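Have a look at the structure below before the remarks.
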Amino acid sequence: MKTYLVGGAVRDKLLGRPVKERDWLISGATPEQLNALGYQQVGKDFPVFLHPKTHEEYALPRYQRNNINSSPVSIEEDLTRRDLTINALAQGTNGEIIDPCGGQNDLKRRILRHTPSFTEDPIRTLRLARFAARYQELGFNIAPETKQLVQQMAASGDLDNLVPERVWAEIAKALTEDNAHIFIKTLHETGVLTTVLPEVDCLFGVPQHKSYHPEIDTGLHTLLTLQQACGLSDNPQVRFAALVHDLGKGNTPAEILPSHYGHEARGAKLIKPLCKRLRIPNAWRDLAIPVAHHHLHCHRAFELRPKTLLKIIMGLDALRHPQRFEQFLLVCEADVRGRTGMENREYPQADFLRAVYQAVIGVDAKKISQSVSAPQHIAMRLHRERLHAISNITHN
(Lines give C-alpha, C1' and ligand atoms only; values in the text may rest on other atoms or scores of the structure.)
Protein backbone atom coordinates (compact mmCIF):
# COMPACT_ATOMS: atom_id res chain seq x y z
CA MET A 1 0.00 0.00 0.00
CA LYS A 2 1.47 3.36 -1.09
CA THR A 3 0.26 6.94 -0.62
CA TYR A 4 0.67 9.67 -3.25
CA LEU A 5 -0.07 13.35 -3.58
CA VAL A 6 -1.83 13.66 -6.93
CA GLY A 7 -3.20 16.05 -9.53
CA GLY A 8 -3.36 19.80 -9.09
CA ALA A 9 -1.26 19.93 -5.93
CA VAL A 10 1.70 18.33 -7.71
CA ARG A 11 1.16 20.48 -10.81
CA ASP A 12 1.10 23.74 -8.85
CA LYS A 13 4.13 22.75 -6.74
CA LEU A 14 6.12 22.19 -9.91
CA LEU A 15 4.90 25.54 -11.28
CA GLY A 16 5.90 27.29 -8.06
CA ARG A 17 2.33 28.32 -7.38
CA PRO A 18 0.63 28.12 -3.96
CA VAL A 19 -1.11 24.79 -3.35
CA LYS A 20 -4.68 25.47 -2.26
CA GLU A 21 -5.98 21.94 -2.08
CA ARG A 22 -4.32 18.55 -1.62
CA ASP A 23 -5.66 15.34 -3.13
CA TRP A 24 -4.29 12.03 -1.94
CA LEU A 25 -4.44 8.61 -3.54
CA ILE A 26 -3.74 5.21 -2.01
CA SER A 27 -2.52 2.53 -4.36
CA GLY A 28 -2.47 -1.20 -3.63
CA ALA A 29 -5.26 -1.26 -1.05
CA THR A 30 -8.85 -2.38 -0.78
CA PRO A 31 -11.70 -0.63 1.05
CA GLU A 32 -11.66 -3.41 3.63
CA GLN A 33 -7.99 -2.82 4.38
CA LEU A 34 -8.53 0.93 4.78
CA ASN A 35 -11.49 0.40 7.07
CA ALA A 36 -9.39 -1.95 9.17
CA LEU A 37 -6.74 0.77 9.51
CA GLY A 38 -9.30 3.23 10.87
CA TYR A 39 -10.08 5.19 7.70
CA GLN A 40 -13.70 6.32 7.53
CA GLN A 41 -15.44 5.67 4.21
CA VAL A 42 -17.53 8.54 2.78
CA GLY A 43 -19.82 7.96 -0.18
CA LYS A 44 -20.83 4.77 -1.92
CA ASP A 45 -20.49 5.08 -5.70
CA PHE A 46 -17.13 6.84 -5.68
CA PRO A 47 -15.97 6.53 -2.10
CA VAL A 48 -13.19 8.47 -0.44
CA PHE A 49 -11.70 7.69 2.93
CA LEU A 50 -11.01 10.11 5.76
CA HIS A 51 -7.63 9.68 7.43
CA PRO A 52 -8.08 8.59 11.07
CA LYS A 53 -5.91 11.45 12.38
CA THR A 54 -5.73 14.29 9.84
CA HIS A 55 -9.24 13.68 8.40
CA GLU A 56 -7.89 14.56 4.95
CA GLU A 57 -9.52 12.77 2.03
CA TYR A 58 -7.82 9.78 0.45
CA ALA A 59 -9.12 8.08 -2.69
CA LEU A 60 -8.54 4.78 -4.43
CA PRO A 61 -7.36 4.72 -8.07
CA ARG A 62 -10.03 5.52 -10.63
CA TYR A 63 -10.35 2.07 -12.16
CA GLN A 64 -10.96 0.74 -8.71
CA ARG A 65 -13.44 3.44 -7.75
CA ASN A 66 -15.51 2.62 -10.83
CA ASN A 67 -15.68 -0.97 -9.62
CA ILE A 68 -15.21 -0.99 -5.89
CA ASN A 69 -14.85 -4.76 -5.77
CA SER A 70 -12.05 -4.91 -8.35
CA SER A 71 -8.46 -5.76 -7.54
CA PRO A 72 -6.05 -2.94 -6.64
CA VAL A 73 -4.54 -1.14 -9.64
CA SER A 74 -1.34 0.83 -10.13
CA ILE A 75 -0.83 4.55 -9.73
CA GLU A 76 0.18 4.77 -13.41
CA GLU A 77 -3.17 3.31 -14.48
CA ASP A 78 -4.99 5.90 -12.40
CA LEU A 79 -2.99 8.82 -13.79
CA THR A 80 -3.55 7.88 -17.42
CA ARG A 81 -7.30 8.16 -16.78
CA ARG A 82 -7.08 11.85 -15.89
CA ASP A 83 -7.87 14.76 -18.21
CA LEU A 84 -4.62 16.58 -19.05
CA THR A 85 -1.00 15.52 -18.93
CA ILE A 86 -0.15 18.29 -16.48
CA ASN A 87 -2.77 16.88 -14.10
CA ALA A 88 -1.63 13.27 -14.58
CA LEU A 89 1.12 13.64 -12.01
CA ALA A 90 1.73 12.09 -8.60
CA GLN A 91 4.38 12.50 -5.93
CA GLY A 92 5.36 9.68 -3.60
CA THR A 93 6.29 10.05 0.05
CA ASN A 94 9.98 9.98 -0.92
CA GLY A 95 9.51 12.91 -3.30
CA GLU A 96 9.60 10.89 -6.52
CA ILE A 97 7.37 12.16 -9.35
CA ILE A 98 5.21 9.62 -11.20
CA ASP A 99 4.61 10.95 -14.72
CA PRO A 100 3.28 8.39 -17.22
CA CYS A 101 1.97 10.99 -19.75
CA GLY A 102 4.86 13.46 -20.00
CA GLY A 103 3.19 16.11 -17.87
CA GLN A 104 6.44 17.57 -16.52
CA ASN A 105 7.70 18.27 -20.02
CA ASP A 106 4.38 19.92 -20.94
CA LEU A 107 4.62 22.08 -17.82
CA LYS A 108 8.04 23.29 -18.92
CA ARG A 109 6.84 23.93 -22.46
CA ARG A 110 3.62 25.57 -21.21
CA ILE A 111 1.34 23.19 -23.12
CA LEU A 112 -2.14 21.96 -22.26
CA ARG A 113 -2.36 18.49 -23.77
CA HIS A 114 -4.97 15.73 -23.46
CA THR A 115 -4.33 12.29 -22.02
CA PRO A 116 -5.29 9.10 -23.91
CA SER A 117 -8.55 8.90 -21.93
CA PHE A 118 -9.60 12.55 -22.37
CA THR A 119 -12.68 11.67 -24.42
CA GLU A 120 -14.14 9.44 -21.69
CA ASP A 121 -15.81 12.48 -20.10
CA PRO A 122 -16.94 15.32 -22.43
CA ILE A 123 -17.05 17.80 -19.52
CA ARG A 124 -13.27 17.83 -19.85
CA THR A 125 -13.66 20.09 -22.87
CA LEU A 126 -14.83 22.82 -20.48
CA ARG A 127 -12.11 21.97 -17.95
CA LEU A 128 -9.53 22.42 -20.69
CA ALA A 129 -10.90 25.90 -21.44
CA ARG A 130 -10.89 26.71 -17.73
CA PHE A 131 -7.21 25.76 -17.42
CA ALA A 132 -6.48 27.86 -20.50
CA ALA A 133 -7.97 30.83 -18.64
CA ARG A 134 -6.21 30.06 -15.37
CA TYR A 135 -2.74 29.70 -16.88
CA GLN A 136 -3.02 32.37 -19.54
CA GLU A 137 -0.63 34.66 -17.70
CA LEU A 138 1.98 31.90 -17.50
CA GLY A 139 1.98 31.57 -21.27
CA PHE A 140 0.18 28.24 -21.59
CA ASN A 141 -1.30 27.27 -24.95
CA ILE A 142 -3.48 24.36 -25.99
CA ALA A 143 -1.67 21.74 -28.07
CA PRO A 144 -2.92 21.84 -31.69
CA GLU A 145 -3.85 18.16 -31.59
CA THR A 146 -5.83 18.72 -28.39
CA LYS A 147 -7.74 21.62 -29.91
CA GLN A 148 -8.47 19.49 -32.95
CA LEU A 149 -9.70 16.62 -30.75
CA VAL A 150 -12.10 18.94 -28.90
CA GLN A 151 -13.39 20.34 -32.19
CA GLN A 152 -14.07 16.79 -33.34
CA MET A 153 -15.88 15.98 -30.09
CA ALA A 154 -18.04 19.09 -30.43
CA ALA A 155 -18.85 18.42 -34.08
CA SER A 156 -19.74 14.76 -33.47
CA GLY A 157 -22.34 15.56 -30.81
CA ASP A 158 -20.34 14.14 -27.89
CA LEU A 159 -21.34 17.17 -25.80
CA ASP A 160 -25.06 17.05 -26.50
CA ASN A 161 -25.92 15.07 -23.38
CA LEU A 162 -23.83 16.91 -20.83
CA VAL A 163 -25.55 17.24 -17.46
CA PRO A 164 -26.59 20.92 -17.02
CA GLU A 165 -25.41 21.06 -13.40
CA ARG A 166 -21.92 19.91 -14.43
CA VAL A 167 -21.78 22.45 -17.26
CA TRP A 168 -22.77 25.26 -14.93
CA ALA A 169 -20.28 24.13 -12.29
CA GLU A 170 -17.47 24.52 -14.82
CA ILE A 171 -18.75 27.90 -16.05
CA ALA A 172 -19.11 29.21 -12.49
CA LYS A 173 -15.56 28.11 -11.64
CA ALA A 174 -14.23 29.68 -14.82
CA LEU A 175 -15.86 33.00 -13.92
CA THR A 176 -13.65 33.14 -10.82
CA GLU A 177 -10.53 33.19 -12.99
CA ASP A 178 -8.96 36.59 -13.68
CA ASN A 179 -8.89 35.83 -17.41
CA ALA A 180 -12.38 34.36 -17.65
CA HIS A 181 -12.73 35.79 -21.16
CA ILE A 182 -10.13 33.24 -22.33
CA PHE A 183 -12.48 30.49 -21.18
CA ILE A 184 -15.28 31.80 -23.43
CA LYS A 185 -12.85 32.50 -26.29
CA THR A 186 -11.50 28.94 -26.10
CA LEU A 187 -14.97 27.41 -26.03
CA HIS A 188 -15.89 29.44 -29.11
CA GLU A 189 -12.75 28.52 -31.03
CA THR A 190 -13.20 24.80 -30.31
CA GLY A 191 -16.91 24.73 -31.18
CA VAL A 192 -17.98 23.89 -27.62
CA LEU A 193 -19.70 27.22 -26.96
CA THR A 194 -22.40 26.60 -29.54
CA THR A 195 -23.57 23.63 -27.46
CA VAL A 196 -23.23 24.94 -23.89
CA LEU A 197 -23.96 28.66 -24.42
CA PRO A 198 -25.46 29.07 -27.91
CA GLU A 199 -26.93 32.45 -26.90
CA VAL A 200 -23.37 33.78 -26.48
CA ASP A 201 -21.82 31.89 -29.37
CA CYS A 202 -24.21 33.42 -31.91
CA LEU A 203 -22.94 36.91 -31.03
CA PHE A 204 -19.69 36.28 -32.87
CA GLY A 205 -19.83 37.72 -36.37
CA VAL A 206 -22.73 40.06 -35.58
CA PRO A 207 -21.75 43.64 -36.57
CA GLN A 208 -22.27 46.84 -34.55
CA HIS A 209 -21.87 50.50 -35.46
CA LYS A 210 -18.16 51.27 -35.71
CA SER A 211 -18.70 54.72 -34.20
CA TYR A 212 -19.83 53.14 -30.93
CA HIS A 213 -17.92 49.88 -31.21
CA PRO A 214 -14.56 50.15 -32.97
CA GLU A 215 -14.17 46.38 -32.54
CA ILE A 216 -17.40 45.96 -34.59
CA ASP A 217 -17.93 42.26 -33.77
CA THR A 218 -20.44 41.73 -30.94
CA GLY A 219 -18.73 38.54 -29.81
CA LEU A 220 -15.44 40.37 -29.46
CA HIS A 221 -17.19 43.16 -27.55
CA THR A 222 -18.60 40.52 -25.18
CA LEU A 223 -15.11 39.14 -24.53
CA LEU A 224 -13.74 42.66 -23.95
CA THR A 225 -16.60 43.47 -21.57
CA LEU A 226 -16.01 40.30 -19.59
CA GLN A 227 -12.31 41.10 -19.45
CA GLN A 228 -13.09 44.57 -18.08
CA ALA A 229 -15.56 43.12 -15.57
CA CYS A 230 -12.85 40.81 -14.27
CA GLY A 231 -10.62 43.84 -13.74
CA LEU A 232 -13.34 45.78 -11.93
CA SER A 233 -14.73 43.02 -9.71
CA ASP A 234 -13.84 39.55 -8.47
CA ASN A 235 -17.55 38.75 -8.01
CA PRO A 236 -18.49 36.00 -10.51
CA GLN A 237 -22.10 37.23 -10.59
CA VAL A 238 -20.90 40.58 -11.95
CA ARG A 239 -18.83 38.74 -14.53
CA PHE A 240 -21.76 36.55 -15.58
CA ALA A 241 -23.98 39.63 -16.04
CA ALA A 242 -21.25 41.14 -18.22
CA LEU A 243 -21.11 37.96 -20.29
CA VAL A 244 -24.83 37.98 -21.08
CA HIS A 245 -25.57 41.71 -21.13
CA ASP A 246 -25.90 41.90 -24.95
CA LEU A 247 -27.62 38.60 -25.78
CA GLY A 248 -30.37 40.47 -27.62
CA LYS A 249 -27.92 41.45 -30.37
CA GLY A 250 -27.80 37.82 -31.38
CA ASN A 251 -31.33 37.90 -32.81
CA THR A 252 -31.44 41.44 -34.18
CA PRO A 253 -33.36 41.46 -37.50
CA ALA A 254 -30.84 41.36 -40.33
CA GLU A 255 -32.45 44.28 -42.15
CA ILE A 256 -31.62 46.78 -39.37
CA LEU A 257 -27.98 45.75 -38.78
CA PRO A 258 -25.61 47.15 -37.65
CA SER A 259 -28.20 48.89 -35.46
CA HIS A 260 -29.67 46.91 -32.58
CA TYR A 261 -32.85 48.69 -31.62
CA GLY A 262 -34.63 46.95 -28.75
CA HIS A 263 -31.80 44.52 -28.02
CA GLU A 264 -32.06 45.27 -24.30
CA ALA A 265 -35.55 43.81 -23.93
CA ARG A 266 -34.79 40.93 -26.29
CA GLY A 267 -31.68 40.05 -24.33
CA ALA A 268 -33.46 40.16 -20.97
CA LYS A 269 -36.00 37.64 -22.29
CA LEU A 270 -33.23 35.23 -23.30
CA ILE A 271 -31.53 35.19 -19.91
CA LYS A 272 -34.35 33.56 -17.97
CA PRO A 273 -34.58 30.37 -20.10
CA LEU A 274 -30.77 30.19 -20.22
CA CYS A 275 -30.62 30.25 -16.42
CA LYS A 276 -33.38 27.67 -16.20
CA ARG A 277 -31.62 25.35 -18.65
CA LEU A 278 -28.30 25.41 -16.80
CA ARG A 279 -29.83 25.53 -13.29
CA ILE A 280 -28.15 28.88 -12.60
CA PRO A 281 -28.89 30.29 -9.11
CA ASN A 282 -31.61 32.93 -8.88
CA ALA A 283 -29.26 35.59 -7.50
CA TRP A 284 -27.17 35.46 -10.68
CA ARG A 285 -30.28 35.68 -12.86
CA ASP A 286 -31.76 38.54 -10.83
CA LEU A 287 -28.72 40.70 -11.52
CA ALA A 288 -28.22 39.71 -15.15
CA ILE A 289 -31.78 40.42 -16.32
CA PRO A 290 -32.01 44.08 -15.16
CA VAL A 291 -28.45 44.68 -16.41
CA ALA A 292 -29.55 43.57 -19.88
CA HIS A 293 -32.69 45.68 -19.59
CA HIS A 294 -31.17 48.91 -18.30
CA HIS A 295 -27.49 49.11 -19.28
CA LEU A 296 -28.16 51.60 -22.09
CA HIS A 297 -30.25 53.70 -19.70
CA CYS A 298 -27.25 53.79 -17.41
CA HIS A 299 -25.00 55.04 -20.22
CA ARG A 300 -27.53 57.82 -20.94
CA ALA A 301 -28.14 58.64 -17.29
CA PHE A 302 -27.49 62.38 -17.69
CA GLU A 303 -30.22 62.62 -20.34
CA LEU A 304 -32.93 60.71 -18.48
CA ARG A 305 -36.03 62.03 -16.79
CA PRO A 306 -36.48 61.41 -13.04
CA LYS A 307 -39.22 58.89 -13.86
CA THR A 308 -36.81 56.74 -15.89
CA LEU A 309 -34.04 57.04 -13.32
CA LEU A 310 -36.40 55.83 -10.62
CA LYS A 311 -37.51 53.00 -12.89
CA ILE A 312 -33.91 51.77 -13.09
CA ILE A 313 -33.56 51.69 -9.30
CA MET A 314 -36.88 49.97 -8.78
CA GLY A 315 -36.20 47.52 -11.61
CA LEU A 316 -33.05 46.41 -9.79
CA ASP A 317 -34.99 46.10 -6.53
CA ALA A 318 -32.10 48.21 -5.26
CA LEU A 319 -33.88 49.44 -2.13
CA ARG A 320 -33.88 45.89 -0.79
CA HIS A 321 -30.65 44.83 -2.51
CA PRO A 322 -28.21 47.78 -2.45
CA GLN A 323 -25.30 45.52 -3.41
CA ARG A 324 -27.11 44.69 -6.65
CA PHE A 325 -27.16 48.37 -7.56
CA GLU A 326 -23.38 48.61 -7.17
CA GLN A 327 -22.92 45.42 -9.18
CA PHE A 328 -25.13 46.86 -11.92
CA LEU A 329 -22.96 49.97 -12.13
CA LEU A 330 -19.80 47.85 -12.39
CA VAL A 331 -21.19 45.86 -15.32
CA CYS A 332 -22.27 49.04 -17.10
CA GLU A 333 -18.79 50.50 -16.64
CA ALA A 334 -17.29 47.28 -18.01
CA ASP A 335 -19.62 47.54 -21.02
CA VAL A 336 -18.39 51.03 -21.86
CA ARG A 337 -14.75 50.09 -21.40
CA GLY A 338 -15.13 46.81 -23.27
CA ARG A 339 -14.49 48.49 -26.61
CA THR A 340 -11.27 48.76 -28.57
CA GLY A 341 -9.40 51.91 -27.53
CA MET A 342 -11.82 52.76 -24.71
CA GLU A 343 -10.34 50.53 -22.00
CA ASN A 344 -9.49 53.45 -19.68
CA ARG A 345 -12.52 55.60 -20.38
CA GLU A 346 -14.04 57.49 -17.44
CA TYR A 347 -17.59 56.61 -16.43
CA PRO A 348 -19.11 59.56 -14.52
CA GLN A 349 -22.61 58.09 -14.98
CA ALA A 350 -21.88 55.72 -12.10
CA ASP A 351 -21.33 58.49 -9.54
CA PHE A 352 -24.33 60.38 -10.86
CA LEU A 353 -26.57 57.34 -10.38
CA ARG A 354 -25.13 56.77 -6.92
CA ALA A 355 -26.24 60.30 -6.04
CA VAL A 356 -29.69 59.56 -7.48
CA TYR A 357 -29.86 56.38 -5.42
CA GLN A 358 -28.92 58.23 -2.24
CA ALA A 359 -31.66 60.77 -2.95
CA VAL A 360 -34.22 57.99 -3.31
CA ILE A 361 -33.29 56.16 -0.13
CA GLY A 362 -33.20 59.50 1.68
CA VAL A 363 -36.99 59.79 1.33
CA ASP A 364 -38.49 58.81 4.69
CA ALA A 365 -41.08 56.16 3.85
CA LYS A 366 -42.11 55.74 7.48
CA LYS A 367 -42.77 59.44 7.90
CA ILE A 368 -44.87 59.52 4.74
CA SER A 369 -46.93 56.50 5.76
CA GLN A 370 -47.72 58.20 9.06
CA SER A 371 -48.69 61.50 7.44
CA VAL A 372 -51.04 60.09 4.78
CA SER A 373 -54.53 59.38 6.06
CA ALA A 374 -55.64 57.00 3.31
CA PRO A 375 -53.40 53.89 3.10
CA GLN A 376 -54.09 53.46 -0.61
CA HIS A 377 -52.42 56.83 -1.26
CA ILE A 378 -49.14 56.00 0.49
CA ALA A 379 -47.46 54.40 -2.51
CA MET A 380 -48.47 57.30 -4.76
CA ARG A 381 -47.15 59.88 -2.31
CA LEU A 382 -43.92 57.94 -1.80
CA HIS A 383 -43.41 57.72 -5.56
CA ARG A 384 -43.98 61.43 -5.95
CA GLU A 385 -41.54 62.33 -3.18
CA ARG A 386 -38.86 60.13 -4.68
CA LEU A 387 -39.30 61.77 -8.07
CA HIS A 388 -39.02 65.16 -6.39
CA ALA A 389 -35.80 64.10 -4.64
CA ILE A 390 -34.33 62.93 -7.97
CA SER A 391 -35.36 66.19 -9.62
CA ASN A 392 -33.31 68.11 -7.07
CA ILE A 393 -30.26 66.07 -8.12
CA THR A 394 -30.81 66.41 -11.85
CA HIS A 395 -31.45 70.16 -11.69
CA ASN A 396 -28.26 70.75 -9.74
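The values are calculated or read from the model by the stated rules, or taken from the named source; none is laboratory data. All values derive from a computational prediction rather than experimental measurement. So basically every Cβ, Gly included, is an ideal-geometry build from the backbone, and we count neighbours across all protein chains shown.
Remarks
Condition check ((1) in a loop (DSSP other than H, G, I, E, B); (2) hydrophobic (A, V, I, L, M, F, W, C); (3) touching a Gly at 6+ places or on another chain (Cβ under 7 Å)) across all residues:
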{"residue": "17", "(1), (2), (3)": "yes, no, no"}
{"residue": "25", "(1), (2), (3)": "no, yes, no"}
{"residue": "29", "(1), (2), (3)": "yes, yes, no"}
{"residue": "34", "(1), (2), (3)": "no, yes, no"}
{"residue": "38", "(1), (2), (3)": "yes, no, no"}
{"residue": "41", "(1), (2), (3)": "no, no, no"}
{"residue": "54", "(1), (2), (3)": "yes, no, no"}
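- Residues of the stretch 181-214 classified as surrounded by fewer than 18 Cβ atoms within 10 Å (Cβ to Cβ) and in contact (Cβ under 8 Å) with a residue 60 or more places away in the chain, total: 2
- Boolean, residue 83 is at pLDDT 85 or above, charged (D, E, K, R), surrounded by 19 or more Cβ atoms within 10 Å (Cβ to Cβ) and in contact with a Ser or Thr (Cβ under 6 Å, 6 or more places away or on another chain): no
- For residue 108, the conditions (1) without any contact (Cβ under 8 Å) to a residue 24 or more places away in the chain; (2) more than 22 Å from residue 139 (Cβ to Cβ); (3) of a type outside the set (A, V, I, L, M, F, W, C) are fulfilled apart from (2).
- Breaking point among (1) of a type in the set (Gly, Ala, Ser); (2) modelled with pLDDT under 95; (3) closer than 21 Å to residue 292 by Cβ, for residue 219: (2)
- Residue check, residue 335 closer than 18 Å to residue 297 by Cβ, outside any loop (DSSP other than H, G, I, E, B) and out of contact with any helix residue (DSSP H, G or I) (no Cβ under 8 Å at 6 or more places or on another chain): no
- Some residue of the stretch 57-75 being assigned to a loop (DSSP other than H, G, I, E, B) and at pLDDT 85 or above: no
- Inside the stretch 252-276, residues that are under 28 Å from residue 165 (Cβ atoms) and in contact with a helix residue (DSSP H, G or I) (Cβ under 6 Å, 6 or more places away or on another chain) make up a count of 7.
- Selected residue (criterion: nearest to residue 312 (Cα to Cα)) from residues of the stretch 341-368 that are of a type outside the set (A, V, I, L, M) and surrounded by 14 or more Cβ atoms within 10 Å (Cβ to Cβ): 357
- Single residue of 240, 302 found to be of a type in the set (Phe, Trp, Tyr), surrounded by fewer than 22 Cβ atoms within 10 Å (Cβ to Cβ) and part of a helix (DSSP H, G or I): 302
- Number of positions in the stretch 1-36 that are without any contact (Cβ under 8 Å) to a residue 24 or more places away in the chain, surrounded by 12 or more Cβ atoms within 10 Å (Cβ to Cβ) and more than 27 Å from the chain's Cα centre (by Cα): 1
- Residue 125 being closer than 24 Å to residue 21 by Cα, within 20 Å of the chain's Cα centre (by Cα) and part of a loop (DSSP other than H, G, I, E, B): no
- Residue in the stretch 28-42 that is closer than 19 Å to residue 8 by Cβ, among the hydroxyl-bearing types (Ser, Thr, Tyr) and either at pLDDT below 85 or in contact with a helix residue (DSSP H, G or I) (Cβ under 7 Å, 6 or more places away or on another chain) (or both) present: no
- Taking the listed residues 330, 309, the one that is touching a residue at least 60 places away in the same chain (Cβ under 8 Å), more than 19 Å from residue 240 (Cα to Cα), crowded, with 20+ Cβ neighbours inside 10 Å and of a type outside the set (Gly, Ala, Ser) is 309, with no other qualifying.
- Matching entry among 296, 387 (being touching a residue at least 40 places away in the same chain (Cβ under 8 Å) and in a helix (DSSP H, G or I)): 387
- A search for C-beta distances below 6 Å between a residue of the stretch 37-48 that is of a type in the set (S, T, N, Q) and any residue that is at pLDDT 75 or above, counting only pairs 6+ apart in sequence or on different chains, returns 40/50; 41/49.
- Single residue of the stretch 92-112 satisfying the filter (crowded, with 19+ Cβ neighbours inside 10 Å and farther than 30 Å from residue 1 by Cα) that is nearest to the chain's Cα centre (by Cα): 112
- Among the residues of the stretch 76-105, those identified as assigned to a loop (DSSP other than H, G, I, E, B) and without any contact (Cβ under 8 Å) to a residue 24 or more places away in the chain are 94, 95, 96, 99, 101, 102.
- Remark: pairs (first residue in the stretch 256-285, closer than 23 Å to residue 195 by Cα; second residue outside any helix (DSSP H, G or I) and among the hydroxyl-bearing types (Ser, Thr, Tyr); Cβ separation under 9 Å; 6+ apart in sequence or on different chains) = 263/252; 266/252.
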